[in-house]
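**Student:** Input: one structure, supplied below.
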Amino acid sequence: MIEAVGLTKSYGDKTAVQDLTFRVRPGKVTGFLGPNGAGKSTTMRMILGLDEPSGGSVTVAGHPYRKLPNPPRTVGALLDAGAKHGGRSARNHLLSLAQLAGIPASRVDEVLDLVGLTSVAGKRSGGFSLGMGQRLGIAAALLGDPRVLLFDEPVNGLDPEGIRWVRDLMKRLAAEGRTVFVSSHLMSEMALTADHLIVIGRGRLMADMPVQDFIVQNSTSFARVRVADVGQRDALTSLLTGAGAQVFPEEAGTLKVVGLELPQISDIAFEAGVRLWELSPHHASLEEAYMRMTQGAVDFRAGGAQQPGTGPAPAFGTGAPPGPPVPPDHGQPQQQPYGAQPPSFVQPQENAR
Ligand SMILES: Nc1ncnc2c1ncn2[C@@H]1O[C@H](COP(=O)(O)OP(=O)(O)OP(=O)(O)O)[C@@H](O)[C@H]1O
């Protein structure tokens, strides 16, 4: 179990993580979701004792990481698959980590086998593909056979086969009763992998619930309505709104209607003498719900087309409201802005077996 209480981290006047309280339970894959810059890596680093909280606390198996009696047996982590000595073979890389942690060398071959790297164990890891590098990072995380595992964006850059492999592995580890905490900015991936979701945006908790509940609460059904006479659109909007619907005009001239069944919309239009050219059912995807929930909580957006908090209000739906408008923050680097490379294995300098 991982438990955060009021966890906060500030860098100068920048608050990366704010008052996060959550529990990550064993026997489940818990997805840690948030857009770029939401504070996922910072949170993971605090869990692993690599960053000191500015406020609050976080414990793993009841202890702050640095006070764990036997860290590598308790927690394994993949933070950055690139953090390895490329000149070393995969086996030697793992052997050196095992030695530092007091883990028997025989475990190295076990984990190489587990991640499917046995046939390339003697090859320089510097020549590995992205997928092989991820597997090696995962092998390092598994070395101590820990009960708690953290993976930061483990499927980044992987091909579909690699993604599937990681997904199956996470599920298997959770089925063995381990605590599996995996970060991602992809809702679609987490919907397939995770049992439980913790969603953050701009460092704040936005959702903490089972995936199924998130789906039920956030996948919104709506109707798309096209009126024959554009001049009647506003009148129909008022009638539908009066009947309890939320109505949003769309760019194509259609109306998006939330909260009324299709026959109700049809009847209201019929009684008002409004001729419809389209009345169709639609379902917002989970990805859309997540985007809507975290809208305004995004530090970095591809193409720079939209600044944080300045996007359109949520078009419809039931997600949490977007955060308040926030000034752009393009001065910050996107990933691992700390200078030092985090280890792919949380080093047990003390108390190693
Ligand atoms: N050492 C630092 N100094 C200043 N600001 C930092 C530092 N580390 C992180 N930040 C800022 O804190 C915020 C959270 O960053 P973090 O890397 O934890 O987010 P993330 O959710 O992991 O994002 P990504 O998905 O892009 O990795 C960002 O605005 C980032 O710029």
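Computed from the coordinates by the stated procedures, all read-outs in this text should not be read as laboratory data. These figures come from a predicted structure and were not determined experimentally. Virtual Cβ from ideal backbone geometry, glycine too; neighbours counted across all protein chains shown.
**Student:** Please label the shape of the stretch 138-181 as rounded, prolate or oblate, based on the square roots a ≥ b ≥ c of the eigenvalues of the alpha-carbon gyration tensor (a/c under 1.5 means rounded; beyond that, a/b larger than b/c means prolate, else oblate). Walk me through the numbers on the way to the answer.
**Tutor:** Working: a/c = 2.15, a/b = 1.62, b/c = 1.33.
Since a/c reaches 1.5 and a/b is larger than b/c, the shape of the stretch 138-181 is classed as prolate.
**Student:** Sticking with this one: Would you grab the residues whose amide H sits under 5 Å from the one on ASP51? Only those 5+ places off in sequence or on another chain, please, with H modelled 1.01 Å from N.
**Tutor:** Result for ASP51 returns MET46.
**Student:** Taking 1 over the mean of 1/r across every pair of different Cα atoms in the stretch 137-225, what Kirkwood radius in Å do you get? Please list the in-between numbers first.
**Tutor:** Working: mean 1/r = 0.0687 Å⁻¹.
About 14.6 Å, per the Kirkwood formula over Cα pairs.
**Student:** I've got another one for you. Among 176-188, 250-262, what's the highest-first ranking by average C-beta atoms within 10 angstrom per residue?
**Tutor:** Numbers: 176-188: 20.8, 250-262: 15.7.
Final packing ranking: 176-188, 250-262.
**Student:** Once phi is turned into θ = phi - 60°, what whole-Hz ³J(HN,Hα) does the Karplus curve with 6.51, -1.76 and 1.60 give for every residue of the stretch 272-288, x standing for Gly and Pro?
**Tutor:** Taking θ as phi minus 60°, the curve returns 8, x, 9, 7, 9, 9, 8, 8, 10, x, 9, 9, 6, 6, 4, 4, 5 Hz for the stretch 272-288.
**Student:** Can you flag which of LYS28/LYS67; LYS40/LYS123; LYS40/LYS67 are past 27 Å Cα-Cα? Can you show the working numbers first?
**Tutor:** Values: LYS28/LYS67 25 Å; LYS40/LYS123 33 Å; LYS40/LYS67 22 Å.
Long pairs (Cα-Cα over 27 Å): LYS40/LYS123.
**Student:** I would also like to ask the following. May I ask you to derive the relative contact order of the stretch 2-216, considering only C-alpha pairs under 8 Å and at least 6 residues apart, and to give it as an integer percent? Before the final figure, lay out each step's value.
**Tutor:** Details: 437 pairs, mean separation 66.7, N = 215.
31 percent.
**Student:** Per residue of the stretch 255-267, what does 6.51 cos²θ - 1.76 cosθ + 1.60 with θ = phi - 60° give for ³J(HN,Hα)? Whole Hz please, x for Gly and Pro, Karplus curve as stated.
**Tutor:** Residue by residue, the stretch 255-267 yields 10, 9, 10, 10, x, 10, 6, 4, x, 5, 4, 4, 5 Hz.
**Student:** Starting from the Cα gyration tensor of the stretch 221-283, multiply each eigenvalue by 5, take the square root, and state the resulting semi-axes largest first in whole Å. If you can, show how the numbers build up before the last one.
**Tutor:** Working: eigenvalues 42, 35, 24 Å².
In descending order, the three semi-axes are 14, 13, 11 Å.
**Student:** Students often check this: by mean Cβ neighbours within 10 Å, which of 36-47, 284-295, 133-144, 164-175 ranks highest, and how do the rest follow? Each step should come with its number before you reach the end.
**Tutor:** Numbers: 36-47: 24.2, 284-295: 20.8, 133-144: 25.7, 164-175: 18.2.
Taking the mean over residues of other Cβ atoms within 10 Å, the ranking is 133-144, 36-47, 284-295, 164-175.
**Student:** Compute the Kirkwood hydrodynamic radius of the stretch 1-56, taking the inverse of the mean of 1/r over all pairs of distinct Cα atoms, and give it in Å to one decimal. Walk me through the numbers before you get to the answer.
**Tutor:** Values: mean 1/r = 0.0854 Å⁻¹.
Result for the stretch 1-56 stands at 11.7 Å.
**Student:** Sort 193-206, 116-129 by packing, meaning the average of other beta carbons within 10 Å per residue, with the highest value first.
**Tutor:** Details: 193-206: 23.5, 116-129: 15.1.
Descending mean neighbour count gives 193-206, 116-129.
**Student:** While we're looking at this one, here's another question. One quarter of the convex hull surface, Cα atoms only: what value does that give for the stretch 2-216 in nm²? Intermediate values should be presented prior to the final figure.
**Tutor:** On the way: hull surface 46.0 nm².
Value for the stretch 2-216: 11.5 nm².
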